[in-house]
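Student: So that we are looking at the same thing, I have put the structure below in structure tokens.
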Amino acid sequence: MKASPVIVALDFPDAAGALAVAQRLAPGDCALKVGKELFTAEGPTLVRDLVGRGFRVFLDLKFHDIPNTVAQACAAATRLGVWMLNVHASGGATMMAAAREAVDRTAAATGRARPYLIAVTVLTSLRAPDLAETGVCDGPEAQVLRLARLAQSKGVDGVVCSSREAASLRAACGPQFLLVTPGIRPAGADTHDQARTATPAQALAAGADYLVIGRPITQAPDPQAALESIQRTLGRNP
């Protein structure tokens, strides 16, 4: 069976909380996402720990800087053994090309599997009025498509997008372009701070490859049971 599409977001302030959840999850049933807060608090040691436990790790640091700085950061992430990492597509074509080259070169030099390089298009917390304040006046969907095409042209493996944009991106970018969808909430769950959400089944039906799910799993009394319940809604038997 294809690897699980579920990426569990470890949105914790420290390693204690993150590892308490990780040790209650089966590495074969999900990937884990380490974001800015957790990485800033705990650094690469935690990432190495999770990789060592057999988890696929998505390092969600959304690099956005001058090309050389982003390239060096991507190289460092590749050396950590992460499965996926990301950059902001709005950093531009040269930056994304530098990231792509750095990931490929470092993976080859270290003998590691090449991690997926994903670009962030439009954050799921942003609505059309928010984008208009930054000078993007044609709405989230148009901006997502514009940035996705730019990312694909520079060899990036896929993009982060909401489920609303997944179908149009699949049509525009083809079946091999990865779509990673945050803002996933099981039916009836609180949407919290996400403006564009979907259920796991809705997101996969729209064309998503991977689903980022946080609190519905990490704050459940039994995280593994919550994960398995979601897997069943996707037609997977844990």
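Student: Where does each of 210, 116 land when they are ordered by accessible area, with a 1.4 Å probe and the largest first?
Tutor: Per-residue accessible area, sorted high to low, gives 116, 210.
Student: Same structure again: Under 20 Å between alpha carbons, and skipping anything fewer than 8 positions from residue 36 in its own chain: which lysines qualify?
Tutor: Within reach: 62.
Student: For the chain, just the Cα atoms, rotate onto the principal axes and tell me the three extents in Å, largest first.
Tutor: On the principal axes, the chain reaches 43, 41, 33 Å in Cα extent.
Student: Sticking with this structure for a sec: With every protein chain present, what accessible area does residue 11 have (1.4 Å probe, heavy atoms only), rounded to the nearest 10 Å²?
Tutor: My reading of the accessible area for residue 11 is about 100 Å².
Student: Explain nothing, just compute: Karplus ³J(HN,Hα) = 6.51 cos²θ - 1.76 cosθ + 1.60, θ = phi - 60°, for every residue of the stretch 176-185 in order, whole Hz, x for Gly and Pro.
Tutor: The phi angles translate into 8, 7, 6, 10, 10, 10, x, x, 8, 9 Hz.
Student: Another one. Just to be sure I understand the model, the point goes 7 Å from the Cα along the line to the Cβ. What's the resulting residue 110 to residue 153 distance in nm?
Tutor: 3.1 nm
Student: What are the residues whose amide H is under 5 Å from the amide H of residue 211, where those residues sit 5 or more places off or on another chain and H is modelled from the backbone?
Tutor: Under 5 Å from the amide H of residue 211: 6, 7, 181.
Student: For the chain, which whole-number percentage of the solvent-accessible area (1.4 Å probe, protein heavy atoms only) is attributable to carbon and sulfur atoms?
Tutor: Carbon with sulfur: 52 percent of the solvent-accessible area.
Student: Let me ask another. Rounded if a/c is under 1.5, else prolate if a/b is larger than b/c, else oblate: which is the stretch 97-238, with a ≥ b ≥ c the root eigenvalues of its Cα gyration tensor?
Tutor: In terms of gyration-tensor shape, oblate.
Student: Solvent-accessible area of residue 42, probe 1.4 Å, all protein chains present, reported in Å² to the nearest ten, please.
Tutor: In the full protein context, residue 42 sits at about 70 Å².
Student: When Lys and Arg each count +1 and Asp and Glu each count -1, what net charge do the other residues less than 13 Å away from residue 98, Cβ to Cβ, add up to?
Tutor: 0
Student: Using Cα centres only, tell me the gap between the stretch 132-190 and the stretch 62-105 in whole Å.
Tutor: First find each Cα centre; the distance between them is then 19 Å.
Student: Mind pulling up the Rg/Rh value for the stretch 108-161? Radius of gyration and Kirkwood radius, both on Cα.
Tutor: Expressed as Rg/Rh, it is 1.15.
Student: Sum -39500 (n - 2.57) across every DSSP H segment of at least 4 residues in the chain, then divide by the residue count to get the 222 nm mean residue ellipticity, nearest 500.
Tutor: -13500 deg cm²/dmol
Student: In addition: Rolling a 1.4 Å sphere over the protein heavy atoms, what is the accessible area per residue of the chain, to the nearest Å²?
Tutor: I get 43 Å² per residue for this part.
Student: Test of understanding: express the Cα radius of gyration of the stretch 57-144 as a ratio to 2.2 N^0.38 Å, with N the residue count.
Tutor: Cα-based Rg divided by the globular estimate yields 1.20.
The values are calculated or read from the model by the stated rules, or taken from the named source; none is laboratory data. Predicted model only: the values in this text are computed from it and were never measured. Cβ coordinates were reconstructed from backbone atoms using ideal geometry, including for glycine residues, and neighbour counts include every protein chain displayed. The protein model used for the area step is the full one, side chains on, heavy atoms only, and it has no ligands, DNA or RNA in it. Shrake-Rupley method; radii C 1.70, N 1.55, O 1.52, S 1.80 Å.
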